[in-house]
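Reviewing the structure listed below.
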Amino acid sequence: MKIVMLGAPGAGKGTQAKMIVEKYQIPQISTGDIFRANIKNGTELGKKAKTYMDQGALVPDELVVDLVVDRLAKDDCANGYVLDGFPRTIPQAEALTAALAAQGDKLDYAIDVEVPDENIVNRMSGRRACVNCGGTYHIVYNPTKVEGICDACGGKLILRDDDKPETVQHRLTVYHEQTQPLIDYYNGQGILKEVDGTQDMADVFADIVKVLG
Ligand code: ADP
Ligand code: AMP
């Protein structure tokens, strides 16, 4: 099963992708997580990506596409994967379609998690991310057992720099301009499935399971 998660920043793509991983035993591939790991490890890619991420801008397509195509060639992707945060532009989506087509392959589902902009700033300002494993929580909607400490690995939780309200506003503008057109793109391919992302996490997931079977 090859799945792409669509939706605004903070819509719950990562949260739902993790639930898909558990139930369907396929890997989650999050380009945001890959960039953050590169930043943490001080790689050249991390240094380049950081300048864009800090501003709430997108990392240029040429730094993203090959990275993902290489990742999809790994053994653990043989039975499928859930892409979270990629593609984010039409050129990225076209490059993915072409890379898959070259192997006689294609995506199965594009799941759009719909959340209006009014809810997003609240979601993002309450999001807390683990510096160690990338686990994501929310101070109100999905709190950890011990405040500030990751349930999964005991790592420290932080508010991401790009989740501060002034950056979130810009990320939303970028989303509407560059990423939202992917909804029409995948609708045209006949694989778009829309779910109401304003529901409780478990209800959003139940709707996704109805789609995936
Ligand atoms: P994305 O991957 O789309 O950027 P996340 O999955 O990280 O979004 O979710 C953004 C924030 O909203 C996180 O703090 C998460 O815990 C919270 N969240 C996710 N889904 C829901 C939901 N259905 N209801 C309330 N809060 C949610
Ligand atoms: P995310 O963790 O998905 O919210 O991504 C955080 C940031 O990483 C984004 O605001 C972008 O700067 C960058 N990023 C992640 N994925 C992509 C992508 N597919 N294309 C361009 N930039 C990306």
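Worth a mention:
- Filter on LYS23/LYS210; LYS23/LYS106; LYS40/LYS193; LYS18/LYS156; LYS47/LYS164; LYS23/LYS156 - keep pairs with C-alpha separation over 24 Å: LYS40/LYS193; LYS23/LYS156
- Where only alpha carbons of the range 85-144 are counted, the Rg and the Dmax (Å): 16.5, 45
- Sparsely packed loop sites in the range 81-189 (the trypsin sites (Lys or Arg not before Pro) outside DSSP H, G, I, E and B with at most 15 other Cβ atoms within 10 Å) comprise LYS106, LYS145.
- Computed from backbone phi with θ = phi - 60° and the Karplus coefficients 6.51, -1.76 and 1.60, the 3J(HN,Hα) list for the range 141-158 is 8, 8, x, 7, 5, 10, 4, x, 10, 5, 4, 6, 10, x, x, 7, 9, 10 Hz; x is used for glycine and proline.
- Judged by the gyration tensor of its Cα atoms, with axes a ≥ b ≥ c, the range 158-213 is oblate; a/c meets the 1.5 cut and b/c is at least as large as a/b.
- For the range 112-175, the carbon plus sulfur part of the accessible surface works out to 52%, probe radius 1.4 Å.
- Computed over Cα pairs, the Kirkwood radius of the range 19-110 leads via Stokes-Einstein (1.002 mPa s, 20 °C) to a diffusion coefficient of 153 µm² per second.
- Accessible area of the range 1-159 divided out per residue, in Å², using a probe of 1.4 angstrom: 49
- Label point at LYS156 placed 7 Å out along Cα→Cβ; residues across the range 19-53 whose backbone nitrogen lies under 20 Å: 36-43
- Database remark: amide H of TYR141 closer than 5 angstrom to no amide H (H placed geometrically; neighbours at sequence offset of 5 or more, or on other chains; Pro and chain starts carry no H).
- Taking 7 Å steps out from each Cα toward its Cβ at ASP117 and VAL146 produces label points 4.1 nm apart.
- Karplus-derived 3J(HN,Hα), 6.51/-1.76/1.60, for each residue of the range 115-126, Hz, glycine and proline x: 9, x, 3, 4, 7, 5, 4, 4, 4, 6, 6, x
- Local charge for GLN92 was computed over the other residues whose Cβ lies under 13 Å away, with Lys and Arg +1 and Asp and Glu -1, and equals -3.
- Sites ILE90 and LYS164, calculated FRET efficiency, Cβ-Cβ separation with R0 22 Å, nearest 0.05: 0.20
- Whether the range 96-213 is rounded, prolate or oblate, judged on the alpha carbon gyration tensor where a/c under 1.5 counts as rounded: prolate
- Cross-link reach list, aspartates and glutamates versus LYS2, counting only Cα pairs under 17 Å and skipping chain neighbours closer than eight places: GLU22, ASP70, ASP75, ASP76, ASP84, GLU94, ASP105, ASP108, ASP112, GLU194
- Theoretical ellipticity at 222 nm over the chain - DSSP helices of four or more residues, -39500 (n - 2.57) apiece, nearest 500: -13500 deg cm²/dmol
- DSSP beta bridge pairing in the chain, given as percent antiparallel to the nearest 5: 30
- Per-residue SASA entry for LEU45, accessible area with 1.4 Å probe, Å² rounded to 10: 40
- Estimated D of the chain in µm² per second, where Rh is the Kirkwood radius over Cα pairs and Stokes-Einstein applies at 4 °C, 1.567 mPa s: 74
- Between the listed residues ILE120, ALA152, ALA93, the Cα displaced farthest toward the positive end of the dipole of the range 88-213, a dipole computed from Cβ unit charges relative to the Cα centre, is found at ALA152.
The values are calculated or read from the model by the stated rules, or taken from the named source; none is laboratory data. Just so you know, these numbers come straight off a predicted model, no measurement behind them. Note: ideal-geometry Cβ built from the backbone for every residue, glycine included; neighbour counts use all protein chains shown. Ligands, DNA and RNA are stripped out before the accessible areas are found, and what is left, the full protein with its side chains, is counted by its heavy atoms. Shrake-Rupley method; radii C 1.70, N 1.55, O 1.52, S 1.80 Å.
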